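J.: Take this structure first; my questions come after.
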Amino acid sequence: MTLSEFDSFRPSEPARRRRQGGQRGTGRRRDNGDGSREMPMVPEPEFASYYGRPVVKPAPWGDDVAIYLFLGGVAAGSALLGLGGQLTGRPMLRRNARLGALTAVSAGAVALVKDLGRPERFLHMLRTFKVTSPMSVGSWILSAFSAGTGVAAVAEIDRMSGSRLPLGPLRKVLQAVEGPAGVEAALFAGPLAAYTAVLLGDTATPTWNAAHEELPFVFVSSACLASAGLAMVTTPVHETGPARKLAVLGVVGDMAAMKVMEHRMDPVVAEPLHQGKAGAMLKWSERLAVAGGLGTLLGGRNRVVAAASGVALLAASALTRFGVFEAGLASARDPRYTIEPQKNRLAARRAAGVTGDAITTGS
């Protein structure tokens, strides 16, 4: 009996199987939960993006930004070590850390301006100060940090040259503000190391956004690794006591922050941290961090071991920044990392009894 003009388009039912003894089955299909004998006209939906295209637009950033992320951490940690050398009477550690901070922040600024395309774009970001914008706040942090670091480093350069820089009467002013400038740079070191993580987490990129609470701790710990490693490479061991302590703290903090971050993330959106190019980088970062930390603890007073451990810590920090950066870009390219975590969050809200808001009702 025909009930609708569209019945002719319905797929035919397979022949019903006979039970033993010649009896027919009940006619119920095992693949239909409602017990009907008809096959569904519309298959169960599988959520995907439009023609497999990304749901969110990947960040238009290249390796220049990843380099800036790494060098910003090196500069921030080096400013802290410079202040440590200043307060504890370690002139070589102070000098090398200040020069390292200036070199790193200058090279990082070059990479940042290269990504922006034109230098004046950075200056345009300083026309306003917007607390809700990590980019705006970060621009001011970078500027304030660079000012203090530059003054302290120029004082060191003038001292190394035997006061031969053509400063004239400004030399006495420079010597007077050298100490406060080192303190000012150290005050902005923490925000400089962390704001780039806030910037990444503030985007719609799935992996970065899912890690936004713990990523600043990862980046700060990574900055400790990089700056301590640089100091251990460039400074004699009898003055690297603060750097060795910072290295051990950085290894412990980096390992703990990464584990907590991955544990609190949705398992689906955490996959890019373990797969492909990003996964390989982060695995090697962990290995090098452990090797550098053990070398620092067991042989940090030996010049060769200290230098080798410093190189391992520098490489570990760089691989952490590049690995997290690459994982975020990979998560944005695959729509699965946007859609499945959304479905999981929706299911969790409904399971918790939240059924009356716009998220669960779709209205």
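Taken together, the values in this text are just the output of simple stated rules run on the coordinates, not laboratory data. Because the structure is predicted, anything quoted here is derived from the model rather than measured. All Cβ positions, even for glycine, are placed from backbone atoms using ideal geometry, and neighbour counts span all protein chains on display.
J.: Please rank T149, T128, T235, T203, fewest neighbouring Cβ atoms within 10 Å first, as an exposure proxy.
T.: T128, T203, T235, T149
J.: Give me the distance in nm between label points sitting 7 Å out from Cα along the Cα-to-Cβ direction at A107 and R301, one decimal.
T.: 3.2 nm
J.: Follow-up. Can you list the HN-Hα couplings for the range 238-251, worked out from phi with the Karplus curve (6.51, -1.76, 1.60; θ = phi - 60°), rounded to whole Hz and with x for Gly and Pro?
T.: 6, 10, 9, x, x, 5, 5, 5, 5, 5, 5, 4, x, 5
J.: Rank by packing, highest mean first: peptides 77-90, 289-302, with packing defined as the count of other Cβ atoms within 10 Å averaged across residues.
T.: Numbers: 77-90: 23.9, 289-302: 19.2.
Top to bottom by mean Cβ count within 10 Å: 77-90, 289-302.
J.: Exposure proxy check: R264, R94 ranked by fewest other beta carbons within 10 Å?
T.: Numbers: R264 12, R94 23.
In order of increasing Cβ crowding within 10 Å: R264, R94.
J.: Still on this structure, I have one more. Ranked highest first by the average count of other Cβ atoms within 10 Å around their residues, in what order do 303-310, 215-222 fall?
T.: On the way: 303-310: 19.2, 215-222: 24.4.
The peptides rank, most packed first, as 215-222, 303-310.
J.: Turning to a different aspect of this structure: Could you go through the range 185-195 in sequence order and give the Karplus-derived ³J(HN,Hα) for each residue, using 6.51 cos²θ - 1.76 cosθ + 1.60 with θ = phi - 60°, rounded to whole Hz, and x for Gly and Pro?
T.: Each residue's phi maps through the Karplus curve to give 5, 5, 5, 8, 5, x, x, 5, 5, 9, 5 Hz.
J.: When only DSSP loop residues count, what chymotrypsin sites (Phe, Trp or Tyr not before Pro) in the range 72-148 have their Cβ near at most 12 other Cβ atoms within 10 Å?
T.: F129
J.: Roughly what would the spin-label model give for T128 and K343, points 7 Å off Cα along C-beta, in nm?
T.: Distance between the two pseudo-spin positions: 4.0 nm.
J.: Could you line up K343, K277 from fewest to most neighbouring Cβ atoms inside 10 Å? Each step should come with its number before you reach the end.
T.: Working: K343 11, K277 14.
Listed from fewest to most nearby Cβ atoms, that is K343, K277.
J.: Modelling each spin label as a point 7 Å along the Cα-to-Cβ direction, I'd like the S163/A147 distance in nm, to one decimal.
T.: Label at S163, label at A147, 2.8 nm between them.
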